[in-house]
Amino acid sequence: MSDTVAPKEAFRLSMLLYDSRYRGITIQVFVLLLVLSAIFWLANNAVQNLAALGKPLRFDFLGQTASYDISQRLIEYKSTDTHGRAVLVGLLNTLLVAFMGCVAATILGVIGGVLRLSNNWLVSRLVAAYVEIFRNVPVLLWIYVCMFTLTAIAPQPREFRGDNANASMLLNDSVAVTNRGIYFPEPLFSRPLGDIDIGIFKISIELLVLLGVLVAGIYAGRWNNKRANAIQVQTGDRPATAIVNALMIIVPILAVLIALGFHVGKPELKGFNFKGGINMSAPLIGLWLGLTLYTTTYIIEAVRSGIQAVSKGQSEAAFALGLRPGRTMSLVILPQAMRVIIPQLISQYLNLTKNSSLAIAIGYMDLVSTLGGITLNQTGREMESILMLMAIYLAISLTISTAMNWYNNKVKLTER
Amino acid sequence: MSDLSYVRTEMLEQKAPPASSVGLVGWLRANLFSSVGNSILTVVTLFFLLSLLASMMPWIFLGIWNADSLSHCREIFAERYGDSTEYACWAVVRDRWDQIIFGYSFGNLNEGLYWRPLVGLALIILALLPILYPNVPRVLYVATAASLFLYPWLIWGGSIWGPLTIALCIIAGVFIYRFASRFMIMAFAMPVAIVGTALLIYFAMAPVAGALGSAVPIELQSVPSREISGFVLSITIGIVAIVASLPIAVLLALGRQSDLFIVNKLSTGFIEIIRGVPLITLIFVATVLMKYFLPSSVDLDPVLAVMVLVTLFTAAYIAEVIRGGLAALPKGQYEAADALGLTYWQAQRLIILPQALKISIPGIVSNFISVFKDTTLVSIVALNDPLGISDSIRSDSDWNGIVWELYGFIAIVFWLFCFSMSRYSLWLERQLQTGHR
């Protein structure tokens, strides 16, 4: 009867090198020291060089007057505003084009992916050719091409002038397509309620009221559905809900619109350019089209691979149950394909957002053109501007990937 | 009675399939007109396709290849076709071919130097063959090793003894490693060898290369990095980025898979930060900020700085590809290596990495394609890649106003490179899959 107790070894210094239990610590300390000293060396150089130039790391330039104009903007901005506000305008412009691009690329990509698998030979080959042509050429080239196409093909604003003008506006004189951008009619209210100023930007009360009415309408519809369910359970007959629900949303909104005196303000040619209406400038459209055409190819491939990953038995089972091809696609195949598609979609959204930084090449005033372009050149604050730029993009990327991963986890198949 | 039968006793001759389901008609019915919706789709697509071709083909094929300037082109159009319709003026491609492909350094200035990038490209292709195709004789790895030193020499020029001395120092480093690993474990022999090689290069390179250079002068006219331009610049940035990023990427991927907490977090942080920012901000860092981060005595070359940052960018992406390869290996491989008593580095070098890298090659190729496409971004910071050169061609009074022909030509060259690489990647994926199906 002898107990087998492991012999207790005293810790010796050489174990840091030769004992695999402790070697990890040695290596980590060594690596950490190496990295920290490299960072220290770089930072020290930067501090010394900046001090020698007399511009220590300070962010007060964001409070100085920007004195440059931004024509494409989502919030109020004048050239007498600060650089900080110009950066905010740029950030919103980045988010705007990224959002528009993601929406358009998703719609086109899903349609394209389904057409790619169509049993129509011509259509599927055409989509395949589109994918191969567009994704093997740099996106910057596509952005230039879209921009130049727009400025070369669309008429100049002055061609709209005169009795027999060369160009005319579309849709009952409400939309003007020019080489400086597209002008849409804007919603106006003759009995406005004013704005709420929350410091950074203003929110129009009309919009809030309309949103409130819309949300109330949707909730009323849900309540109506619940009521219909209850009646169906009791009596077996379900009262018609679709028309009532639609009316509950449409009628109050129409009432509010009439009460506020809603009308559209059409863009009009004044002087050398169109005034009034909502303006989508040419660089915005060029960038949007270029990014969309390029990213769509990747989404088409993602959708195709996702649909092909669903086993054939699924669609055969759906057909056996009597579902039509359209319903099979929307009820059986796409929900399963989504699990393969969504991770790829996330990374394409991230790519599109990062590629929107190419705006600087065609003069769309996004974050890079404001903070890393004009603001940097005017203030000479390279270090602060570029570090801020990288930090903001990092924050955007991390936010998108976190949100999308959360969604991805939600739709993930929970097995066993 | 006996020969009366209600059931046919002999087989009928097999009938030919209906004429509508075989041959061209059958194919058309099955693939283009299988239903009403499909027929409409086919007709609409065909109409769209034909109208697109009808508007583009005359422009492309009635274009002119022989002219001195855009106005000359227009004169010829007016003379030949008699109307004011514009056709392509491909003469610009013919006129500026050298500039777009070889750039300023090898192009207009020194026409005698064309052979250098061409030989360099041939060398690279030769060097890639043994890596990309398993059936090519292994001897070609010699070319792979040689091209690492010869390609920079061909592009940048100068004395051949500089790159050769570095190669000698690295060979010496291998011997240091062999010698050191007799006394210590691999994890320590490796840093010793690396530090030894770095010291050798730092102290011995200049005198040795100088002495050899004065004894046997073999020199090429040196080309400053600032003057490398055109597709030579794109290809050089792409190749430097992919080659230099591979070792970094392997280390980052191993670091991200590692159990060591600090190493893991450092690798993950680096990868996520680099992947979270657009490449253009990193190129800004290279051209604007890098000079602050280095001692003020260093005269920084913008092209080299861009290459360094693009390399780091690529490394972060390839690290993720290799991490995928590491994760895809069956766990048994790791366990078997442990069971054999191999150390961590022995296991990585002999068992894990050869397999993981092999299945990562398609991903690495597709990363190379995107890096190659992304090299166009350097035109934004005024380096002369093909897009930058197209701007300067357009600012010349001869070709002012020419857009589509230049962009079209550049797009075609990029497309040829990227499409062939993506086809290769697909082919390789099929090759790698055969074992599992």
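The values are calculated or read from the model by the stated rules, or taken from the named source; none is laboratory data. Everything numeric in this text was worked out from a predicted model, so none of it was measured. Cβ placement follows ideal geometry from the backbone for every residue including glycine, while neighbour counts extend to all protein chains displayed.
Tabulated results
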| quantity | calculated |
| --- | --- |
| Pairs with Cβ under 8 Å, 6+ apart, first in the stretch B:294-322 and surrounded by 20 or more Cβ atoms within 10 Å (Cβ to Cβ), second not in a helix (DSSP H, G or I) | B:Val303/B:Ile228; B:Val303/B:Leu383; B:Val306/B:Leu383 |
| Residue in the stretch B:138-152 that is under 26 Å from the mean Cα position of the chain (by Cα), among the basic types (Lys, Arg) and assigned to a helix (DSSP H, G or I) present | yes |
| Within the stretch B:29-56, tally of residues that are under 30 Å from B:Glu405 (Cβ atoms), surrounded by fewer than 11 Cβ atoms within 10 Å (Cβ to Cβ) and not hydroxyl-bearing (Ser, Thr, Tyr) | 4 |
| Test: residue in the stretch A:238-250 that is touching a residue at least 12 places away in the same chain (Cβ under 8 Å) and hydroxyl-bearing (Ser, Thr, Tyr) | yes |
| A:Thr80 outside any loop (DSSP other than H, G, I, E, B), among the hydroxyl-bearing types (Ser, Thr, Tyr), more than 10 Å from chain B (Cβ to nearest Cβ) and under 30 Å from A:Pro283 (Cβ atoms) | no |
| B:Leu428 being within 12 Å of chain A (Cβ to nearest Cβ) and of a type outside the set (Lys, Arg) | no |
| Filtered residue count, the stretch B:399-432, keeping only those that are surrounded by fewer than 16 Cβ atoms within 10 Å (Cβ to Cβ) and of a type in the set (Asp, Glu) | 1 |
| Residues located in the stretch A:96-115, provided they are among the aliphatic types (A, V, I, L, M), surrounded by fewer than 23 Cβ atoms within 10 Å (Cβ to Cβ) and away from chain B (no Cβ under 14 Å) | A:Leu96, A:Met100, A:Val103, A:Ala104, A:Ile107, A:Leu108, A:Val110 |
| Candidates A:Phe184, A:Phe189 - the one that is within 21 Å of A:Met365 (Cα to Cα), away from every other protein chain (no Cβ under 14 Å) and surrounded by fewer than 20 Cβ atoms within 10 Å (Cβ to Cβ) | A:Phe184 |
| Given (1) among the aliphatic types (A, V, I, L, M); (2) within 40 Å of the chain's Cα centre (by Cα); (3) part of a helix (DSSP H, G or I), index of the condition A:Ile27 fails | (2) |
| Scan of the stretch B:387-407 for residues that are more than 29 Å from the chain's Cα centre (by Cα) and either within 14 Å of chain A (Cβ to nearest Cβ) or part of a loop (DSSP other than H, G, I, E, B) (or both), ordered by number | B:Ser395, B:Asp396, B:Asn400, B:Gly401 |
| Output for the stretch A:196-219, where each listed residue is surrounded by fewer than 15 Cβ atoms within 10 Å (Cβ to Cβ), within 26 Å of A:Lys275 (Cβ to Cβ) and of a type outside the set (Val, Ile, Thr) | A:Asp197, A:Lys202, A:Leu207 |
| Per-region count, the stretch B:368-386, residues in a helix (DSSP H, G or I) and within 19 Å of the chain's Cα centre (by Cα) | 13 |
| Filtered residue count, the stretch B:222-274, keeping only those that are over 26 Å from B:Tyr344 (Cβ atoms) and hydrophobic (A, V, I, L, M, F, W, C) | 12 |
| Test: residue in the stretch A:41-55 that is surrounded by fewer than 17 Cβ atoms within 10 Å (Cβ to Cβ) and away from every other protein chain (no Cβ under 14 Å) | no |
| Residue among B:Ala356, B:Ala339, B:Ala382 that is surrounded by fewer than 19 Cβ atoms within 10 Å (Cβ to Cβ), of a type in the set (A, V, I, L, M) and either within 14 Å of chain A (Cβ to nearest Cβ) or in contact with a Leu (Cβ under 8 Å, 6 or more places away or on another chain) (or both) | B:Ala382 |
| Subset of the stretch B:30-48 [assigned to a helix (DSSP H, G or I), closer than 15 Å to A:Asn120 by Cα, at the interface with chain A (Cβ under 9 Å from one of its Cβ atoms) and among the hydrophobic types (A, V, I, L, M, F, W, C)] | B:Ala30, B:Leu41, B:Leu46 |
| Top-ranked residue of the stretch A:116-138 - restricted to ones that are out of contact with any Ser or Thr (no Cβ under 7 Å at 6 or more places or on another chain), closer than 18 Å to B:Phe48 by Cα and among the hydrophobic types (A, V, I, L, M, F, W, C), ranked as nearest to the other protein chains (Cβ to nearest Cβ) | A:Trp121 |
| Test: residue in the stretch B:180-191 that is free of Cβ contacts under 8 Å to residues at least 24 places away in the same chain and in contact with a Leu (Cβ under 9 Å, 6 or more places away or on another chain) | yes |
| In the stretch B:171-216, the residues that are modelled with pLDDT of 85 or more and surrounded by fewer than 16 Cβ atoms within 10 Å (Cβ to Cβ) | B:Ile171, B:Val174, B:Phe175, B:Arg178, B:Phe179, B:Ile194, B:Val195, B:Ala198, B:Leu199 |
| Failed criterion for B:Phe417 (all others in (1) within 11 Å of chain A (Cβ to nearest Cβ); (2) assigned to a loop (DSSP other than H, G, I, E, B); (3) among the hydrophobic types (A, V, I, L, M, F, W, C) hold) | (2) |
| Failed item in (1) modelled with pLDDT of 85 or more; (2) crowded, with 21+ Cβ neighbours inside 10 Å, with A:Phe274 passing the rest | (1) |
| Only one of B:Glu227, B:Glu219 that is surrounded by fewer than 16 Cβ atoms within 10 Å (Cβ to Cβ) and at pLDDT below 90 | B:Glu219 |
| Selection within the stretch A:232-242 - modelled with pLDDT of 85 or more and either β-branched (Val, Ile, Thr) or in contact with a Cys (Cβ under 7 Å, 6 or more places away or on another chain) (or both) | A:Val233, A:Thr235 |
| The stretch A:226-243, residues that are assigned to a helix (DSSP H, G or I) and surrounded by 15 or more Cβ atoms within 10 Å (Cβ to Cβ) | A:Ala228 |
